[in-house]
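Structure, as structure tokens:
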Amino acid sequence: MNRRSGQHVAQAVLVLLVAFALMGCSAQTRPTWTYAAAGAAPAASVAPAGSTPAGVAVASAVPGSSDHAAHGTGTLAIEAFDLGFKPSALTIDAAGTYAVTFKNTGSIAHDLTFADGTKIAAEPGATASGNVNVPTAGITFICSIPGHADAGMKGAVTVAGQAATGSADDHGGPAPATNVAADPNAPKYTLYDATAPKVLDGTVHDIDLVVQEKEMTVADGFVQAVWTFDGTVPGPVIRVHLGDTVRVHLKNPITNTLSHSVDFHASQVAWNDEMTSIKPGEEKLYEWHADYAGVWMYHCGTAPALHHIANGMYGMVIVEPKGGFKTVDREFALVQSEWYLGPQGQPVDLAKASTGNPAPDYVVFNGVANQYKDNPLKVPTKGTVRLFVLDAGPNIDSSFHIVGTIFNTVIKEGIQLTPNNPGHFGSQAVDLSPAQGAIIELVTPEDGLYPIVTHAFNFVGRGALGLLQAGDGDPKN
Ligand SMILES: [Cu+2]
């Protein structure tokens with residue numbers, strides 16, 4: 001019983017944390033809290049794959065009869081979780097009176113309050129029902145419990161063929177610095193695999209690093225013309241042993257438009273030797289020795305370096321310590337960085353990135369806003385987890401934190417907190433300035449979800465949010 005009430009306190013704290021985080025969201029960036037909480041959405045509310053953005057469903061209403069084309073009837077199935085509705089946007093064929101089933105799969109009480117005052121409330125785990133009259137103009141709904149709407153519990157029912165009613169998730173808070181409008185036709189982002197690669201075999205490594213200038217969806221609805229190492233942002237994680245020789249063959253294909261270069265922080269070389277820029281059509285060898293262990297940044301240093309880094313040219317090197325790492329159950333590599341959006345399809349905005357008080361449109365892990373919120377990183381419960389974390393910047397610090405966990409090991413820039421230290425100290429957040437890296441280890445205490453954030457919470461609503469999922473993600477079974 002104590003354990004159960006303790007869980008509820010923890011869940012309430014998490015809810016508050018997330019609520020505060022999401023209050024900072026903007027209408028334009030439209031982050032939503034739509035991860036699959038315990039209990040899948042009813043099948044009827046799931047839209048065909050790829051047809052709509054995440055969290056948006058079509059034809060959630062079940063028509064009562066084809067005779068009712070002009071005056072719709074049926075059932076709206078809406079689920080509440082902590083903190084959002086699933087689906088948050090529903091489209092029906094016609095105005096009319098609809099039955100509503102409201103299922104609360106969250107851990108705290110929620111309600112479904114429509115703009116006309118119709119309110120259906122459900123305790124955790126309960127399902128309630130009622131009716132709502134949906135006018136031709138559609139109707140919006142929120143959870144009326146204080147803070148919940150601001151944290152993302154908003155939605156709308158739209159009648160097909162009519163303009164959307166209000167906004168399904170226009171969180172309060174400061175407006176973004178961007179004047180770039182989301183493109184509803186932007187391609188879905190490509191998930192970056194956060195699994196840390198194995199250490200390379202052997203002691204001498206010849207590695208091709210090919211610069212690719214290409215378009216990339218950096219957040220839902222936003223495409224930028226990024227510059228990359230090997231086609232991804234971040235570039236590939238390069239993992240070697242202490243003492244290895246790394247021979248990087250940097251290639252700048254003739255099809256590119258700009259000169260580029262690379263700077264490996266794990267190396268000790270002259271800046272005006274290995275790090276010089278090469279033009280499109282050129283390649284050069286950058287040879288270095290892994291003299292020190294740690295998590296290291298690499299990036300393009302071609303002027304203006306700020307633009308080349310902000311536009312995607314960075315990555316992580318892991319140099320294993322003497323004797324290697326002990327085996328753990330899961331290893332992930334996470335690179336925090338910022339996007340200063342330029343116009344759709346253009347490179348990022350250097351002027352925005354250059355200001356003394358930069359306000360990134362997105363702060364992200366591994367290049368894409370919220371990708372591990374949508375696709376949680378799965379770990380075994382009570383399993384050992386190692387994270388390699390780098391702040392690539394270019395400008396903003398990270399206070400790397402995973403809600404609900406304590407780091408038992410932190411090796412940051414050569415400074416070590418180790419498990420079973422004499423005072424039994426632990427760590428809650430790791431401060432990383434741009435270019436700093438850390439090795440972090442933890443154990444998840446129970447099945448459940450553990451949000452991955454920078455604890456600079458103004459950025460969590462701007463994309464710096466992921467989830468670690470232990471077991472099935474549900475602490476209640
Ligand atoms: Cu470059």
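Only the coordinates and a few stated rules stand behind these numbers; no lab work does. The model shown is predicted, which means the values in this text are computed figures rather than measured ones. Cβ: placed from backbone, ideal geometry, glycine included. Neighbour counts: every protein chain shown.
Full extension from Lys378 to Glu446: what is 0.36 nm times the residue separation minus their Cα-Cα distance, to one decimal in nm?
23.2 nm
Which FRET efficiency value, to the nearest 0.05, do you get for Glu282 and Leu200 by plugging their Cβ-Cβ distance into 1/(1 + (r/R0)^6) with R0 = 30 Å?
0.70
Kindly rank 156-162, 367-373 from highest to lowest mean number of other beta carbons found within 10 Å of each residue.
Taking the mean over residues of other Cβ atoms within 10 Å, the ranking is 367-373, 156-162.
Which lysines have a Cα less than 17 Å from the Cα of Lys326, not counting those fewer than 8 places away in the same chain?
The reachable lysines, counting only those whose Cα sits under 17 Å from Lys326, are Lys198, Lys382.
Looking at the range 177-477 only, what percent of DSSP beta bridges run antiparallel? Nearest 5 please.
In the range 177-477, DSSP labels about 75 percent of beta bridges as antiparallel.
Quick check on the range 92-156: what does the Kirkwood estimate of hydrodynamic radius come out to from the alpha carbon pairs, in Å?
By the Kirkwood definition, the hydrodynamic radius is 12.2 Å.
Under a plain spin-label model, where a point goes 7 Å from the Cα along Cα-to-Cβ, how far apart in nm are Gln344 and Phe325?
4.0
Determine the shape class of the range 392-451: with a ≥ b ≥ c the square roots of the Cα gyration tensor eigenvalues, call it rounded for a/c under 1.5, and otherwise prolate if a/b is greater than b/c, oblate otherwise.
oblate
Find the percent of Cα-Cα distances in the range 363-418 that exceed 14 Å, and round it to a whole number.
68
If I stretch the segment between Leu191 and Ala126 completely, what's the gain in nm (0.36 nm per residue apart, minus their alpha carbon distance), one decimal?
Gain on extension, Leu191 to Ala126, equals 20.0 nm.
Run the reach check for Lys154 against aspartates and glutamates, Cα to Cα strictly under 17 Å, same-chain hits fewer than 8 apart removed. What comes back?
The reachable aspartates and glutamates, counting only those whose Cα sits under 17 Å from Lys154, are Glu79, Asp82, Asp111, Asp116, Asp169, Asp170.
If you line up the Cα atoms of the range 177-477 on their principal axes, what length do they span on each, largest first, in Å?
So the extents along the principal axes, rounded to whole Å, are 54, 48, 33.
Assuming a viscosity of 0.890 mPa s and a temperature of 25 °C, what translational diffusion coefficient in µm² per second does Stokes-Einstein assign to the range 201-333, Rh being the Kirkwood radius over Cα pairs?
Translational D for this selection: 159 µm²/s.
Using R₀ = 60 Å, calculate the FRET efficiency as 1/(1 + (r/R₀)^6) where r is the Cβ-Cβ separation of Thr97 and Ile207; round to 0.05.
0.40
Run the reach check for Lys188 against lysines, Cα to Cα strictly under 20 Å, same-chain hits fewer than 8 apart removed. What comes back?
Lys86, Lys214, Lys373
Efficiency by 1/(1 + (r/R0)^6): what FRET value for Thr257 and Asn357, r their Cβ-Cβ distance, R0 = 30 Å, to the nearest 0.05?
0.45
So how do Thr255, Thr405 line up by other beta-carbon neighbours within 10 Å, fewest first?
So the ranking, lowest neighbour count to highest, is Thr255, Thr405.
Pulled fully out, how much extra length does the chain show between His424 and Val269, if you take 0.36 nm times their separation in residues and subtract their Cα-Cα distance?
51.9 nm
Among 181-191, 424-434, 243-253, how do they line up by average Cβ neighbours within 10 Å per residue, starting with the highest?
243-253, 424-434, 181-191
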